[in-house]
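Engineer: Please find one structure pasted underneath; my questions will follow.
The values are calculated or read from the model by the stated rules, or taken from the named source; none is laboratory data. From a predicted model like this one, the values you see are computed outputs, not experimental measurements. Note that we place each Cβ from the backbone using ideal geometry, even for glycine, and neighbour counts take in every protein chain shown.
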Amino acid sequence: MRNTKTVYAAVMVGLITAFSISNPVVAKSGQIGILGLFDVDSSVPSTVNTAKIERLGCKVRRSGVIGGGQGNIEIDDPNRFVLLACDGSLLESEETRGALNTMFSKGKMLALLEGDLTNMPDAGHDSVLSERQYILKISHYNNRYVDDRDQELNKLNQEASSRPDSYVTESSIDVNHASGMPTPDEIVVLYYDDTKQGDRFRKNNPDILSKISDFNKAHLNDFIYYVGQVAR
């Protein structure tokens, strides 16, 4: 990882087992979610071109830095991300794909991932947005034991959400188009209200972390977690 990795060293310890579950199935938002992963030159100012994004029929849902990652999906290390909510698909068209590639004024597109966006109904908290610790999980399911996977997922959700300091699942994307990497199945966007909350949850719930690790091993081909903070 880049020089920001040391900032997130404590976060990355155990991260691979600390986040692997999304909320039970809820209604889709009717929008398309797009996650863009970028390598941005941090030595010069670089901003998201919101005017271009809005002309494409999208709104910036979240935008921020990535301080580290852990997993086994083979793409170059991103240091910035953008999460969009759009009126329709953009990756199906060469023209709109090209526009998304240049969302950052000084950045290289590493991957674009698109699919049906689900907003979780209990995601709203009073925590300060800039203080939250965000996690982006990208995963590819093996689909060998789908019924077991769904049952384990629901059980894990219920158990984790009953513990103090549990993370919040903000949204998810069922991915059906990708550029820059093989198409994964799912993106889950999670957050803790702050870094200390995340540290407490991981420290105090080794049983949950063990179960999540078992879930990953049984049901995922590959996955990666990115940790960071958002500017908006």
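Engineer: Can you pull out every residue in segment 27-62 that is free of Cβ contacts under 8 Å to residues at least 40 places away in the same chain and crowded, with 21+ Cβ neighbours inside 10 Å?
Structural biologist: Listed by number, the list holds a single entry, C58.
Engineer: While we're here: Check off (1) hydrophobic (A, V, I, L, M, F, W, C); (2) within 14 Å of the chain's Cα centre (by Cα); (3) surrounded by fewer than 16 Cβ atoms within 10 Å (Cβ to Cβ) for A218 and give me the number that stays unchecked.
Structural biologist: Result: A218 fails condition (2) only.
Engineer: Of the conditions (1) part of a helix (DSSP H, G or I); (2) surrounded by fewer than 16 Cβ atoms within 10 Å (Cβ to Cβ); (3) in contact (Cβ under 8 Å) with a residue 24 or more places away in the chain; (4) not basic (K, R), D150 clears all except one; give me its number.
Structural biologist: Checking D150 against (1) part of a helix (DSSP H, G or I); (2) surrounded by fewer than 16 Cβ atoms within 10 Å (Cβ to Cβ); (3) in contact (Cβ under 8 Å) with a residue 24 or more places away in the chain; (4) not basic (K, R), the one that fails is (3).
Engineer: Residues to consider are T96, T50, T102; find the one that is touching a Leu at 6+ places or on another chain (Cβ under 9 Å) and more than 30 Å from K217 (Cα to Cα).
Structural biologist: Result of the check over T96, T50, T102: T96.
Engineer: Further question: Considering I53, I34, which residue is at pLDDT 85 or above, touching a Cys at 6+ places or on another chain (Cβ under 9 Å) and in a helix (DSSP H, G or I)?
Structural biologist: On the way: I34 fails: in a helix (DSSP H, G or I).
After ruling out the rest, the residue left standing is I53.
Engineer: Moving to a separate point now. List every residue pair whose Cβ atoms lie under 6 Å apart, where the two residues are 6 or more positions apart in sequence or sit on different chains, the first residue falls within segment 63-74 and is under 23 Å from Y141 (Cβ atoms), and the second residue, located anywhere, is surrounded by fewer than 20 Cβ atoms within 10 Å (Cβ to Cβ) and acidic (D, E).
Structural biologist: N72/D222; I73/D222
Engineer: Given the conditions (1) part of a loop (DSSP other than H, G, I, E, B); (2) touching a residue at least 12 places away in the same chain (Cβ under 8 Å), and given that N143 satisfies all but one, which numbered condition is not satisfied?
Structural biologist: Going through the list (1) part of a loop (DSSP other than H, G, I, E, B); (2) touching a residue at least 12 places away in the same chain (Cβ under 8 Å), N143 breaks only (2).
Engineer: Are any residues in segment 94-127 free of Cβ contacts under 8 Å to residues at least 24 places away in the same chain and assigned to a loop (DSSP other than H, G, I, E, B), and if so, which ones?
Structural biologist: G124, D126
Engineer: Given (1) surrounded by fewer than 14 Cβ atoms within 10 Å (Cβ to Cβ); (2) more than 24 Å from N119 (Cα to Cα), identify the lone condition not met by Q158.
Structural biologist: Against the list (1) surrounded by fewer than 14 Cβ atoms within 10 Å (Cβ to Cβ); (2) more than 24 Å from N119 (Cα to Cα), Q158 comes up short only on (2).
Engineer: If you check every pair at least six apart or on different chains, which have Cβ atoms under 7 Å apart with a residue in segment 190-210 that is more than 24 Å from P121 (Cα to Cα) and modelled with pLDDT of 95 or more first and a residue that is of a type in the set (D, E) and surrounded by fewer than 20 Cβ atoms within 10 Å (Cβ to Cβ) second?
Structural biologist: Every condition considered, the pairs that remain are R200/D165.
Engineer: Further, regarding this structure: In segment 199-214, which residues are farther than 19 Å from Y134 by Cα, loosely packed, with under 12 Cβ neighbours inside 10 Å and of a type in the set (K, R)?
Structural biologist: Residues satisfying the conditions do not exist here.
Engineer: Would it be correct to say that G88 is at pLDDT 90 or above, in a loop (DSSP other than H, G, I, E, B) and not hydrophobic (A, V, I, L, M, F, W, C)? Outline the logic, then answer.
Structural biologist: Details: at pLDDT 90 or above: yes; in a loop (DSSP other than H, G, I, E, B): yes; not hydrophobic (A, V, I, L, M, F, W, C): yes.
When the stated conditions are applied, G88 passes them.
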